[in-house]
Amino acid sequence: MPSTIHLHRVLATKPEKVYRAFIEADALAKWLPPNGFTCTVHEFEGKVGGAYKMSFRNFTTGGSHSFG
């Protein structure tokens, strides 16, 4: 079942760094997860229409959620 997630972030950095954070898996994993979670990128094609698979793991519960 498809779902939509809306995120709002104010990023105090250069546009080039933000762009890189969207097209490089390691950079994306550093900033994308909400507080209290880590991100593991399992598959990532940093291009328009590219596939991705990742998961967020909760620090407290150890539970994880996979998506992509």
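Here is a list of conditions, (1) in contact with a helix residue (DSSP H, G or I) (Cβ under 7 Å, 6 or more places away or on another chain); (2) surrounded by 13 or more Cβ atoms within 10 Å (Cβ to Cβ), and Thr38 meets all of them except one; can you say which number that is?
(1)
Can you tell me which residue among Ala25, Ala12 is surrounded by fewer than 10 Cβ atoms within 10 Å (Cβ to Cβ) and modelled with pLDDT of 90 or more?
Among Ala25, Ala12, only Ala12 is surrounded by fewer than 10 Cβ atoms within 10 Å (Cβ to Cβ) and modelled with pLDDT of 90 or more.
Kindly provide the set of residues from segment 48-65 that are surrounded by fewer than 11 Cβ atoms within 10 Å (Cβ to Cβ) and under 21 Å from Pro2 (Cβ atoms), ordered by number.
Val48, Gly49, Gly50, Ala51, His65
The values are calculated or read from the model by the stated rules, or taken from the named source; none is laboratory data. Only a predicted model underlies this, so the values are computations on that prediction, with no experimental measurement involved. With ideal geometry, Cβ positions are generated from the backbone for all residues, glycine too; neighbour counts draw on all protein chains shown.
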